[in-house]
Amino acid sequence: MIGRQLRHYQIEAKLGQGGMGVVYRALDTHLDRPVAIKVLEADAVSNPERKKRFVMEAKAASALNHPNIVHVYDIDMADGVNFIAMEYVAGKTLDELTGRLVFASVSDRTDIWSLPLDANQGIVTGEPQRLTQDAADDVCPSASADGKKVAFISYRSGQRDVWIKDLETGKESSLTMSPAAEYYPTMSADGSKVAYQLEEKQKQTIWVAPLRGGMAQNACQDCGRPWHWSSNGQVLLYSTASPGGGPSGIASLDAGSGEKRDLLTHSGYGLYQSFFSADDRWICFLARLGPNRSRLFIAPYRTETPARESDWIAVTDGGSADDKPRWSPDGNLLYFMSRRDGSNCLWAQRLDHHSKRPAGPAKPVFHFHGARLAPGNVHNREFELSITNNRVVLPLGEVTGNIWMADLGGR
């Protein structure tokens, strides 16, 4: 590594090594100053949990400003090497120091939680309840319409697999167990099958697995991520990229015939998070306007002619980061996550029963303003939610920590 250049950092000497990585002294060739570079160990790069902790360490340190805490300048990856660039402070090693060392340890994990809810009224009826609890992260939940089964991604086997939890019996079981990485499980309304994205050798396919009996089937070759099943489990909404690598659009897959149809596209914006209403007459989705701006829409679902852009109904104004639109069971509320009040909270917009146009202002349903247990502790790629008749199912990241003091005398 010595003599190598990572971006504009020229590695000069090794300073030390720990459980997570190796620290080097380097020269910032842009600003002509010494920096410390912490490199994630090669065997940890393939471990999602260790890589997540590496990123979390950088984010936690960058949020602090104190004379006794080094400044974090950057976190990046170059030529397959993950690294953190931080302030270099010349001085003694711990072996040469006497006195006391004060430091903090932070741990985090993500589990699937349930929030009791009168879904058609948008009224929370209880406190969040933990549904899964494991040392590994559980993310991306998708629930059946009756809220009795939940599919989710778990790292508990050391890789990304689809797991199922029966909320009546409490039983958890793996639906997949393969060396390939699975993403974005999407459970059918009746809880009989799950579609998911499989990624292997840089190829993405959609597979469908029955919960009882039978083998998983390759349902869509070279398709994007699955979003949602129609109420009868025959049509699956999924993402598709335009020819030439244009913005992502929304398409449908007929599970019986394999027929694919483009439904919604936009020349300038990518379209995501497409979900059927319970009566299959409407689709909600979002348009990504920029890094921190998105707009929620509703469009009629037509089996013959795709809805034109002029048919789209704007639900939000695009002024904030609104995400994850989901229908209430009766189709008269549209739930979504939004940072419009500074935190990632659950909101709902009342809709006209017939036209599906917004009726009045959106209202907050549940605030997640705390730092210890919140959606904001979950990476957006791993955050999905489901609205059932009586609950919201979502992942929440829990961050805990301790402050330690060590006596350096006698080392």
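Readers should treat all values here as calculations from the given coordinates under stated rules, not as data from a laboratory. Source: prediction; values computed, not measured. Note that we place each Cβ from the backbone using ideal geometry, even for glycine, and neighbour counts take in every protein chain shown.
For Ser267, the conditions (1) among the hydroxyl-bearing types (Ser, Thr, Tyr); (2) surrounded by fewer than 22 Cβ atoms within 10 Å (Cβ to Cβ); (3) closer than 18 Å to Pro358 by Cα all hold with the exception of (3).
Is it the case that region 303-315 has a residue that's in contact (Cβ under 8 Å) with a residue 60 or more places away in the chain and among the aliphatic types (A, V, I, L, M)?
No - not one qualifying residue is present in region 303-315.
Residue under question is Lys356, and the condition is that it be of a type in the set (D, E, K, R), assigned to a loop (DSSP other than H, G, I, E, B) and under 24 Å from Tyr238 (Cβ atoms); does it hold? Yes; evaluated as a whole, the condition is true for this residue. Report yes if some residue within region 177-186 is over 23 Å from Gly249 (Cα atoms), hydroxyl-bearing (Ser, Thr, Tyr) and free of Cβ contacts under 8 Å to residues at least 40 places away in the same chain; otherwise report no. Yes, the conditions are met somewhere in region 177-186. When the test is whether a residue is hydrophobic (A, V, I, L, M, F, W, C) and in a helix (DSSP H, G or I), Ala61 passes it. Which of the residues that make up region 167-176 are outside any strand (DSSP E or B) and exposed (fewer than 14 other Cβ atoms within 10 Å of the Cβ)? Once the filter is applied, which keeps residues that are outside any strand (DSSP E or B) and exposed (fewer than 14 other Cβ atoms within 10 Å of the Cβ), region 167-176 yields Glu168, Thr169, Gly170, Lys171. Is there a residue in region 351-367 that is surrounded by fewer than 19 Cβ atoms within 10 Å (Cβ to Cβ), more than 22 Å from Gln273 (Cα to Cα) and in contact (Cβ under 8 Å) with a residue 60 or more places away in the chain? The answer is no; no qualifying residue exists.
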